[in-house]
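Below: one structure, written as structure tokens.
Coordinate-derived values only; no laboratory data. The shown structure was predicted, so the numbers you read here are calculated from the model rather than taken from an experiment. Cβ sites come from the backbone with ideal geometry, for glycine too, and all protein chains shown count toward neighbours.
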């Protein structure tokens with residue numbers, strides 16, 4: 001017996017059963033039948049036709065008028081059948097897009113990959129998690145021959161694919177900057193020119209660029225409208241904002257960036273983030289800076305990577321595991 | 001051996017006439033009621049496109065026989081504005097999103113074979129075939 005015949009006899013049984021005793025059990029059998037017929041891509045109009053022919057078989061004396069009425073039902077259901085098949089095909093396309101996105105996100109991870117440098121006397125932790133598939137945040141470390149550690153953190157305004165495409169460009173612009181030591185302010189000025197020339201005017205990028213010089217223990221930094229980071233003073237056990245002023249990248253090609261400095265002592269920390277961290281939204285609104293500082297304090301005894309991982313987990317939980325924006329958090333901790 | 005008859009589509013009544021012709025031929029060939037409904041829906045759709053977008057055209061119904069198989073072919077021909085982006089109108093969801101009916105992808109699904117050719121400014125020619133199983 002092929003599938004059609006089997007389906008026909010199954011439907012006949014269900015129909016007989018229900019006409020005899022109108023039981024919930026027979027209705028349930030009907031529901032199971034529909035699951036099976038959908039699985040086998042049986043169109044709705046075919047079910048109507050089956051129903052009609054079974055009625056004719058069971059009640060040969062059934063008034064012709066009733067039988068004719070099924071033609072209208074069939075005609076109407078042909079339209080639903082088309083809509084249903086279209087839906088199936090769109091679902092299939094969506095599946096294809098999803099897997100394409102996954103590949104794209106892997107490619108992006110390879111393109112934007114940066115390794116966290118191991119530097120004696122420094123403990124560095126970083127985490128970056130996209131809200132969707134593609135990440136519009138970016139961080140980058142460079143360790144030069146004089147053991148200066150540079151760190152960049154950037155965020156494209158917007159998320160998803162356009163943001164991610166834009167980020168790849170930033171990465172290559174940074175890679176093509178001269179090898180020798182560059183001041184944070186001149187790095188930003190260089191990148192600003194690239195962004196201004198190459199990126200759609202409606203797209204803006206914020207960036208924080210910092211460089212630690214181990215010979216004088218000074219952290220030099222500049223910001224292009226980026227979310228301010230924190231400085232942790234281990235002696236006073238206090239957090240303060242790393243205030244830096246500067247226009248977003250890509251607004252005006254003549255923008256100049258001021259450079260700031262901070263002396264770093266053993267046990268001190270630099271905490272950098274994207275706005276996906278501070279704009280974690282809970283039912284009560286954005287999280288307060290104090291909440292974030294509270295989490296840092298809670299895990300402060302751990303190493304830098306464990307701190308950022310734990311904070312991400314806490315904030316993820318606070319948001320019921322639905323990130324609204326790309327999330328990037330970096331901690332640089334000077335060893336005691 | 002081809003037997004052909006055509007209906008000129010100018011107004012909405014002609015759509016009904018084209019359906020009737022298609023149904024008669026489908027019945028004659030021995031198509032079941034479900035396939036009859038699919039064939040007439042496809043005819044409706046193609047005739048409506050002529051009526052709405054080209055203003056005037058023709059729907060022809062052919063009986064085909066090929067290697068022992070019998071089939072029905074709908075031919076829709078018009079000399080209207082044509083379709084600039086055929087790929088787009090053949091995309092699911094493109095023309096149906098506004099509730100405009102099955103669209104050409106729907107016609108393609110209802111039938112077994114589908115062929116379209118269109119030149120902007122010159123018109124559109126569509127052939128859709130269903131074989132008797």
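A simple spin-label model places the labels of residue A:65 and residue A:183 9.6 nm from each other, with each point 7 Å out along Cα-to-Cβ.
Each peptide in A:123-130, A:270-277 receives the mean, over its residues, of other Cβ atoms within 10 Å, and ordering these scores from highest gives A:270-277, A:123-130. In the elastic network of chain A, a GNM with C-alpha springs shorter than 10 Å, the most mobile of A:42, A:107, A:187 is A:42. Taking the empirical scaling 2.2 N^0.38 Å for compact globular proteins as reference, the range B:3-131 has a Cα radius of gyration ratio of 0.99.
Over the range A:3-93, Cα pairs under 8 Å with separation of 6+ residues give a relative contact order of 26 percent.
Once the Cβ-Cβ distance of residue A:93 and residue A:321 is raised to the sixth power relative to R0 = 22 Å, the FRET efficiency obtained is 0.20.
The helix-based estimate of mean residue ellipticity at 222 nm for the protein assembly as shown, built from -39,500 (n - 2.57) per DSSP H run of four or more residues and divided by its residue count, is -14500 deg cm²/dmol to the nearest 500. When the square roots of the Cα gyration tensor eigenvalues are ordered a ≥ b ≥ c, the ratio a/c for the range A:114-334 is 1.5 or more and a/b does not exceed b/c, which makes its shape oblate. Comparing A:234, A:23, A:186 in a Gaussian network model of chain A (Cα springs below 10 Å), the most mobile by mean-square fluctuation is A:23. The Cα atoms of the range A:204-336 give a gyration tensor whose axes a ≥ b ≥ c have a/c of 1.5 or more with a/b no greater than b/c, which makes the shape oblate.
Pairs of Cα atoms nearer than 8 Å and 6+ residues apart set the relative contact order; for the range B:3-131 it is 25 percent.
Taking the fewest neighbouring Cβ atoms within 10 Å as the starting point, the ordered list for A:324, A:35, A:12 is A:35, A:324, A:12.
For residue B:86, project a label point 7 Å along Cα to C-beta. Then give me every residue of the range B:106-133 with its amide nitrogen under 20 Å of that point. Within reach of a label on residue B:86: B:106-130. Would you please state which residues of the range A:151-170 a label at residue A:202 would reach in this model, taking the label point 7 Å out along Cα→Cβ and a backbone N cut-off of under 13 Å? The answer is A:158-159, A:162-163, whose backbone nitrogens lie closer than 13 Å to the label point.
Counting only alpha carbon atoms, the long axis of helix A:24-39 and the longest principal axis of chain A meet at about 60°.
The relative contact order of the range A:114-334 comes to 26 percent, based on Cα pairs under 8 Å that sit 6 or more residues apart. If R0 equals 35 Å, the separation of the Cβ atoms of residue A:84 and residue A:56 corresponds to a calculated FRET efficiency of about 0.85. Between residue A:10 and residue A:116, residue separation times 0.36 nm minus the direct Cα-Cα distance comes to 31.8 nm. Counts of other chain beta carbons within 10 angstrom of each beta carbon in peptide A:72-78 average 4.
Between residue A:73 and residue A:132, the contour length at 0.36 nm per residue exceeds the Cα-Cα span by 16.9 nm. Any chance you could give the angle, 0 to 90 degrees and rounded to 10, that helix B:12-29 forms with the longest Cα principal axis of chain B? Taking the Cα atoms of chain B, the angle to B:12-29 is about 30 degrees. In degrees from 0 to 90, rounded to the nearest 10, what is the angle of the helix A:161-175 Cα long axis to the longest principal axis of chain A? That works out to roughly 30 degrees. If you sort the three axes of the alpha carbon gyration tensor as a ≥ b ≥ c, you get a/c of 1.5 or more for the range A:3-93 and a/b no higher than b/c, which makes it oblate. With 0.36 nm allotted per residue and the present C-alpha distance subtracted, the residue A:254-residue A:106 stretch has 49.7 nm of extension available.
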